[in-house]
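What follows is one structure encoded as structure tokens, with my remarks underneath.
We did not get these values from a lab; they are worked out from the coordinates using the rules stated. Everything numeric here is computed off the predicted structure, so don't read it as measured data. Positions of Cβ are generated from backbone atoms using ideal geometry, with glycine treated the same way; all protein chains shown enter the neighbour counts.
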Amino acid sequence: MNIGIYGGTFDPVHLGHLIVAEEVRAKLGLKRVLFVPAGKPWMKASRREITSGDHRLAMIRLAIAGNPDFDVSTIDLERPGQSYSVETISCLREVLGPEAKIYFILGCDALNEVHLWKDPARLISMCYMVAAPRPGCKPPDLERLEQLLPGISGRTVNLEMEPVGISSSEVRRRLAAGLSVRYFLPPGVEPYIRRYGLYLPPGRQEGLPS
């Protein structure tokens, strides 16, 4: 059973995430793609405040509603402490079983720094890395990475597709500036954002949580 694991903050989830997930699923013949929102991502926690896990999870569920090939896991949100990919994949490996072939989806920029992550050798022993192109990011230099992390070149799939020019940071910036995010977000996500005032200037929310 081939399973895609798409980890990230998803703050917020946007159409680019769904496009990449579907492209990986179709091209690699995956049974399903599992979105795994990070609890406390160690590389981003110090840069800015992350939206609560409950909100990010709710937005993902809205985004993938009606797609039987997509699912979401709360395994990372439920674990205490900071989120590390090697621990997330290890936990999912126990849940999915030894027969599952795991494909870990990440951006090409993230793959270029994977040797700096926690226990990267163990990580690549448990899964295949799928590098999705991003605007302005060159394809991974596998020769360089192989020198830094032996074995990674044989565990990496370069996803061939046009980069999707949508990012969560751009969505947040546009919302904060009062600009349109139409066609950036999956159906249901923008109304949720406006209902709870996420990423918006003070006083812009349409309602408060009940």
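Cross-link partners for Lys118 among the lysines, with Cα-Cα distance under 23 Å and sequence neighbours closer than 8 places in the same chain left out: Lys40, Lys44, Lys101. Relative to the longest principal axis of the Cα atoms of the chain, the long axis of helix 85-96 lies at roughly 80 degrees.
The calculated FRET efficiency for the pair Ala58 and Glu143, based on their C-beta separation and a Förster distance of 35 Å, comes to about 0.25. Here the peptides 105-113, 146-154 are ranked by packing, the mean other Cβ count within 10 Å, and the order with the highest first is 105-113, 146-154. How would you classify segment 12-82 from its alpha-carbon gyration tensor, with a ≥ b ≥ c the square roots of the eigenvalues: rounded for a/c under 1.5, else prolate if a/b is greater than b/c, otherwise oblate? Prolate, because a/c is 1.5 or more and a/b exceeds b/c. Among Ser85, Ser167, a tally of other beta-carbon atoms within 10 Å of each Cβ gives an order, fewest to most, of Ser167, Ser85. Going by a ≥ b ≥ c, the root eigenvalues of the Cα gyration tensor, does segment 2-165 fall in the rounded group (a/c under 1.5), the prolate group (a/b larger than b/c) or the oblate group? Rounded, since a/c falls under 1.5. The calculated FRET efficiency for Arg182 paired with Ala65, based on their beta-carbon distance and R0 = 22 Å, is about 0.70.
Hey, got a sec? Which GluC sites (Glu not before Pro) in segment 151-206 land in a DSSP loop and have at most 16 other Cβ atoms within 10 Å?
Qualifying residues, ordered by number: Glu160, Glu206.
Multiplying the residue separation of Arg32 and Arg155 by 0.36 nm and removing their Cα-Cα distance gives an extension gain of 42.3 nm.
Adding -39500 (n - 2.57) for every DSSP H run of four residues or longer, then dividing by how many residues the chain holds, sets the calculated 222 nm ellipticity at -10000 deg cm²/dmol.
In plain terms, the chain from Met1 to Glu170 could stretch by 57.3 nm, reckoned as 0.36 nm per residue minus the Cα-Cα distance. Annotation: for a label point projected 7 angstrom from Cα along Cα→Cβ of Arg93, residues of segment 111-143 with backbone N closer than 16 Å are 118-130.
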